[in-house]
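The values are calculated or read from the model by the stated rules, or taken from the named source; none is laboratory data. From a predicted model like this one, the values you see are computed outputs, not experimental measurements. Note: ideal-geometry Cβ built from the backbone for every residue, glycine included; neighbour counts use all protein chains shown.
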Amino acid sequence: MKYTHNQKAILLFKEYTHHKNYKSSSFSELLKHYMTCKKMNNSSLSLILGISPSYISSLTNEDPFEEIRHSTKLIVAICIALNLPPCMSYNLLHLAGCDLLNNSKDRAYDFLLNYYYNSSLEECNNILTALGQLPLTKY
């Protein structure tokens with residue numbers, strides 16, 4: 001079905017509002033929420049990321065009171081794989097204990113999260129390579 005520009009905007013606004021109203025203080029809880037909204041399970045996300053489903057499972061089942069610092073690279077890859085809009089990506093990064101710093105790698109990640117979040121992980125990896133950075137995943 002082809003949507004008009006206004007229809008797309010309304011759909012995006014509804015998705016944005018839904019996510020903004022969802023409150024979570026836990027990385028694993030928010031990741032599960034985003035995966036459910038995007039109709040992704042551990043297997044489908046792990047296939048895109050090139051990591052094991054059991055690793056995704058460990059991410060979605062973390063103890064919310066345990067301080068775990070995740071790799072910024074992994075969280076950015078998850079955000080791109082889920083096609084999360086920037087505000088949702090930054091929320092997930094924050095809950096994962098990740099900060100984007102003022103260095104060339106993190107500026108490239110920030111660029112992808114803001115301008116290429118609807119792109120495939122493969123396309124984003126190609127952009128990173130063109131920018132002289134390592135890809136987010138092996139593919």
So which residues in segment 112-136 are surrounded by fewer than 17 Cβ atoms within 10 Å (Cβ to Cβ) and under 21 Å from Tyr34 (Cβ atoms)? Asn114, Tyr115, Tyr116, Asn118, Ser119, Ser120, Glu122, Glu123
When you look at Ala77, is it modelled with pLDDT of 90 or more, crowded, with 18+ Cβ neighbours inside 10 Å and touching a Ser or Thr at 6+ places or on another chain (Cβ under 6 Å), yes or no? yes
Inspect all residues belonging to segment 62-72 and state whether any of them is in a helix (DSSP H, G or I) and either at pLDDT below 95 or within 12 Å of the chain's Cα centre (by Cα) (or both). yes
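The rows are residues; the columns are (1) under 13 Å from the mean Cα position of the chain (by Cα); (2) part of a helix (DSSP H, G or I); (3) of a type in the set (S, T, N, Q).
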{"residue": "Tyr55", "(1), (2), (3)": "no, yes, no"}
{"residue": "Ile75", "(1), (2), (3)": "yes, yes, no"}
{"residue": "Ile78", "(1), (2), (3)": "yes, yes, no"}
{"residue": "Asn83", "(1), (2), (3)": "yes, no, yes"}
{"residue": "Cys87", "(1), (2), (3)": "yes, yes, no"}
{"residue": "Gly97", "(1), (2), (3)": "no, no, no"}
{"residue": "Leu100", "(1), (2), (3)": "no, no, no"}
{"residue": "Asn114", "(1), (2), (3)": "yes, yes, yes"}
{"residue": "Glu122", "(1), (2), (3)": "no, yes, no"}
Kindly evaluate Ser46 against the criterion of being assigned to a helix (DSSP H, G or I), touching a Pro at 6+ places or on another chain (Cβ under 8 Å), surrounded by 18 or more Cβ atoms within 10 Å (Cβ to Cβ) and free of Cβ contacts under 8 Å to residues at least 40 places away in the same chain. yes
On the basis of being more than 23 Å from Ser28 (Cα to Cα), among the hydrophobic types (A, V, I, L, M, F, W, C) and either part of a helix (DSSP H, G or I) or in contact (Cβ under 8 Å) with a residue 60 or more places away in the chain (or both), does Ile127 make the cut? yes
Considering segment 102-112 alone, what residues qualify as being within 13 Å of the chain's Cα centre (by Cα) and touching a residue at least 24 places away in the same chain (Cβ under 8 Å)? Tyr109, Leu112
If you check Thr17 against the conditions, is it modelled with pLDDT of 90 or more and of a type outside the set (A, V, I, L, M, F, W, C)? no
Can you say whether Ser25 is part of a helix (DSSP H, G or I), at pLDDT below 95 and farther than 22 Å from Leu11 by Cα, as far as the supplied structure shows? no
